[in-house]
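**Student:** Have a look at the structure that comes next, please.
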Amino acid sequence: MKNAWLTVDLEEWYHLDYLKHLPCRETGARVIPRIFDFLDMLDEEGVKVTFFCVAEIAEQNAGILREILRRGHAIGCHGLDHELLTEKSLEQFTEETCRAKALIEAAAQRPVTGYRASCFTMERDKLEALRSLGFKYDSSKIRFAQHPLYRNLDLTGFEQVDDLVYAEGDFTEYEIPTLDLARWSLPISGGGYMRLFPFWLLRILLGLYAKKHENFTIYVHPFELTGMPLPLPAQLDAKNRFRCLVGRRGNLKKLRKVIRWLKKRGARFTTLEADRRERGLS
């Protein structure tokens, strides 16, 4: 393999779509301050990461954002409040994204040029709005029709310049990979699916993927990188409780194994910003 891009949706556990309407914020429990074991692991492995931050929690985590940058990683935007883009008008999205960009830049003390939509719900008109606001890249495209939220982003007019990479002018879109099995697209690149699959199975699936692809994108969340107990509300149903908790305890070790598996197959880990620079884009 050629390139691997590890990305983190820097959000709190209560931002999960199936938790956000329940009384979770009131508990005061936060997982983002627990990511230092993850940052240390990245240092040990020599891996640089792109973090997409939810803007409403940027100020309270300003020190962590600056530490992330100090260690050589990149900071992007994950929206203002993690609400689905499909529930926002173009005007609302544009106004909120302008504010989100400013909030993250103030906290991180660094320009923000990358974006990822909550639950990958990017739409083409909003992608164009990103460009008008000064963003240079997005990573919201995923081909997974079986998921009720995810969208297969329309990239008409874009050229595929590399595996998982599309460009129109100086704007770049990075795709989240799935593995095609018969009529199904199987997500193997992060989130609950990576937590659910044991490493021996994940290794087989990655091997099948690597036979046809050169690049790979991984996405994870802070709550998946720590075994910290979560004060889940009693009214949370069993299905979503399982989705939230499955595989969390050993996930950081599993992620290290995935990183090493990809490295052994020649994959080089860089940030998305670094990848753009190497392609001659500012």
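**Student:** Any chance the range 187-202 includes a residue that's among the polar types (S, T, N, Q), surrounded by fewer than 19 Cβ atoms within 10 Å (Cβ to Cβ) and either assigned to a helix (DSSP H, G or I) or at pLDDT below 95 (or both)? It would help to see each step written out before you state the result.
**Tutor:** If we filter the range 187-202 for residues that are among the polar types (S, T, N, Q), which is where we start, we get 189.
If we keep only those that are surrounded by fewer than 19 Cβ atoms within 10 Å (Cβ to Cβ) too, we end up with none.
Checked the range 187-202: no residue is among the polar types (S, T, N, Q), surrounded by fewer than 19 Cβ atoms within 10 Å (Cβ to Cβ) and either assigned to a helix (DSSP H, G or I) or at pLDDT below 95 (or both).
**Student:** Now a separate question. Is there a residue in the range 84-92 that is touching a Phe, Trp or Tyr at 6+ places or on another chain (Cβ under 8 Å), hydroxyl-bearing (Ser, Thr, Tyr) and at pLDDT 95 or above?
**Tutor:** Applying the first criterion (touching a Phe, Trp or Tyr at 6+ places or on another chain (Cβ under 8 Å)) to the range 84-92 yields 85.
Still in the running and hydroxyl-bearing (Ser, Thr, Tyr): none.
No, the range 84-92 contains no residue that is touching a Phe, Trp or Tyr at 6+ places or on another chain (Cβ under 8 Å), hydroxyl-bearing (Ser, Thr, Tyr) and at pLDDT 95 or above.
**Student:** Separate question: Which residue out of ASP154, ASP180 is part of a strand (DSSP E or B), surrounded by fewer than 18 Cβ atoms within 10 Å (Cβ to Cβ) and modelled with pLDDT under 95?
**Tutor:** On the way: ASP154 fails: part of a strand (DSSP E or B).
Matching residue, one of ASP154, ASP180: ASP180.
**Student:** On the basis of being surrounded by fewer than 21 Cβ atoms within 10 Å (Cβ to Cβ), touching a Cys at 6+ places or on another chain (Cβ under 8 Å) and at pLDDT 95 or above, does LEU149 make the cut?
**Tutor:** Details: surrounded by fewer than 21 Cβ atoms within 10 Å (Cβ to Cβ): yes; touching a Cys at 6+ places or on another chain (Cβ under 8 Å): yes; at pLDDT 95 or above: no.
Spelling it out, it is not the case that LEU149 is surrounded by fewer than 21 Cβ atoms within 10 Å (Cβ to Cβ), touching a Cys at 6+ places or on another chain (Cβ under 8 Å) and at pLDDT 95 or above.
**Student:** Let me ask something additional. Being of a type in the set (Phe, Trp, Tyr) and part of a strand (DSSP E or B), is that true of even one residue in the range 25-48?
**Tutor:** Taking the range 25-48 and keeping what is of a type in the set (Phe, Trp, Tyr), we get 36, 38.
Filter once more, so that each one left must be part of a strand (DSSP E or B): none.
Within the range 25-48, not a single residue is of a type in the set (Phe, Trp, Tyr) and part of a strand (DSSP E or B).
**Student:** Picking from PHE52, PHE93, which residue would you name as being outside any helix (DSSP H, G or I) and touching a residue at least 12 places away in the same chain (Cβ under 8 Å)? Lay out the reasoning, then the answer.
**Tutor:** Details: PHE93 fails: outside any helix (DSSP H, G or I).
Criteria check complete, one pass: PHE52.
**Student:** Separate question: Could you please find all residues in the range 116-139 being part of a loop (DSSP other than H, G, I, E, B) and farther than 17 Å from TYR166 by Cα?
**Tutor:** Filtering the range 116-139 for residues part of a loop (DSSP other than H, G, I, E, B) gives 116-117, 121-123, 133-136.
If the condition is that a residue be part of a loop (DSSP other than H, G, I, E, B) and farther than 17 Å from TYR166 by Cα, then THR121, LEU133, GLY134 are the ones that fit.
**Student:** Looking at (1) at pLDDT 95 or above; (2) in contact with a Phe, Trp or Tyr (Cβ under 8 Å, 6 or more places away or on another chain), can you tell me which one LEU127 breaks?
**Tutor:** (2)
**Student:** Follow-up question, since we're still on this one. Does TYR219 satisfy the condition of being surrounded by 13 or more Cβ atoms within 10 Å (Cβ to Cβ) and closer than 19 Å to ARG268 by Cβ?
**Tutor:** Numbers: surrounded by 13 or more Cβ atoms within 10 Å (Cβ to Cβ): yes; closer than 19 Å to ARG268 by Cβ: yes.
In short, yes.
**Student:** Anything in the range 92-118 that is under 17 Å from ASN61 (Cβ atoms) and among the polar types (S, T, N, Q)? List them, or say none.
**Tutor:** GLN109, the sole residue that qualifies.
**Student:** Answer yes or no as to whether THR121 is in contact with a strand residue (DSSP E or B) (Cβ under 9 Å, 6 or more places away or on another chain), surrounded by 13 or more Cβ atoms within 10 Å (Cβ to Cβ) and of a type in the set (Ser, Thr, Tyr). Quick ask: steps written out before the conclusion?
**Tutor:** Working: in contact with a strand residue (DSSP E or B) (Cβ under 9 Å, 6 or more places away or on another chain): yes; surrounded by 13 or more Cβ atoms within 10 Å (Cβ to Cβ): yes; of a type in the set (Ser, Thr, Tyr): yes.
The answer is yes for THR121.
**Student:** Can you name the helices (runs of 4 or more DSSP H) wholly within the range 204-282 that have at least 2 residues being under 17 Å from the mean Cα position of the chain (by Cα) and among the acidic types (Asp, Glu)? Break it down into steps so the answer makes sense when it comes.
**Tutor:** Working: elements: 238-245, 251-264, 272-278.
Fully inside the range 204-282 and qualifying: 272-278.
**Student:** Let me ask something else. Within the range 58-85, restricting attention to residues that are β-branched (Val, Ile, Thr) and touching a Leu at 6+ places or on another chain (Cβ under 8 Å), which residue is nearest to ASN3 (Cα to Cα)?
**Tutor:** ILE75
**Student:** Starting from the range 1-16, keep only residues that are over 17 Å from GLN60 (Cβ atoms), then list their pairs with residues that are in a helix (DSSP H, G or I) and among the hydrophobic types (A, V, I, L, M, F, W, C) whose Cβ atoms are within a distance under 6 Å, requiring at least 6 positions of separation or different chains.
**Tutor:** That search, which allows pairs on different chains as well, returns MET1/ALA210; ALA4/LEU262; TRP5/LEU272.
**Student:** If I filter the range 55-74 down to residues being outside any helix (DSSP H, G or I) and among the hydrophobic types (A, V, I, L, M, F, W, C), which single residue comes out as nearest to CYS244 (Cα to Cα)?
**Tutor:** Checking each candidate, the answer is ALA58.
The values are calculated or read from the model by the stated rules, or taken from the named source; none is laboratory data. It should be emphasised that the depicted structure is a prediction, and the values quoted were computed from it without experimental measurement. Cβ: placed from backbone, ideal geometry, glycine included. Neighbour counts: every protein chain shown.
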